[in-house]
1. Just wondering, is there one or more residues in segment 79-101 that are over 26 Å from residue 2 (Cα atoms), of a type in the set (S, T, N, Q), touching a residue at least 12 places away in the same chain (Cβ under 8 Å) and touching a Gly at 6+ places or on another chain (Cβ under 9 Å)?
2. I'd like the residue in segment 46-75 that is under 14 Å from the mean Cα position of the chain (by Cα) and at pLDDT 85 or above and, out of all such residues, is surrounded by the most Cβ atoms within 10 Å (Cβ to Cβ).
3. Among the residues of segment 78-99, how many are over 21 Å from residue 114 (Cβ atoms) and touching a helix residue (DSSP H, G or I) at 6+ places or on another chain (Cβ under 6 Å)?
4. In this structure, is residue 34 surrounded by fewer than 12 Cβ atoms within 10 Å (Cβ to Cβ) and in a helix (DSSP H, G or I)?
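The values are calculated or read from the model by the stated rules, or taken from the named source; none is laboratory data. Because the structure is predicted, anything quoted here is derived from the model rather than measured. Because the Cβ atoms are built from the backbone with ideal geometry, glycine has one as well, and the counts that use them run over all protein chains shown.
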Amino acid sequence: MKYVIMFTSTPELDDAVPEERRQEVYGRIYEWFGTNADKISDGGAELLPVSTATTVKSAPEGPVVVDGPFSEAKEVVGGFSVIDVPDLDDAIALVKTWPSMELPGIAVEIRPMVTDYSQFE
């Protein structure tokens, strides 16, 4: 089963992590992708900071372009990947090994992907 995993963090808490610690965890993230390459369906993608976001949203007068993210959440998506594992339990087990989990404010959202569109016909 394919799942999208979205890596989220809280920028204020990220800023409080000492640079040396951040680099150590980042190195382990690189290793994590190598170790789990057989479960990852894509190369993954790290996103630039939320300050670089542009959002197109609906409005009564038609689509409107705004600076910044649409979400008002404190957490931001910093990257994503697609994994292919047998089931949700395996996805959860994999995500629990995400190296950043030991830092404050980190979460990984897991969502099943639609792979069979015939269910919508």
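1. No; the residues of segment 79-101 include none that is over 26 Å from residue 2 (Cα atoms), of a type in the set (S, T, N, Q), touching a residue at least 12 places away in the same chain (Cβ under 8 Å) and touching a Gly at 6+ places or on another chain (Cβ under 9 Å).
2. The extreme case among them is 47.
3. Residues flagged as over 21 Å from residue 114 (Cβ atoms) and touching a helix residue (DSSP H, G or I) at 6+ places or on another chain (Cβ under 6 Å) within segment 78-99 amount to 1.
4. Taking the combined requirement at face value, the residue satisfies it.
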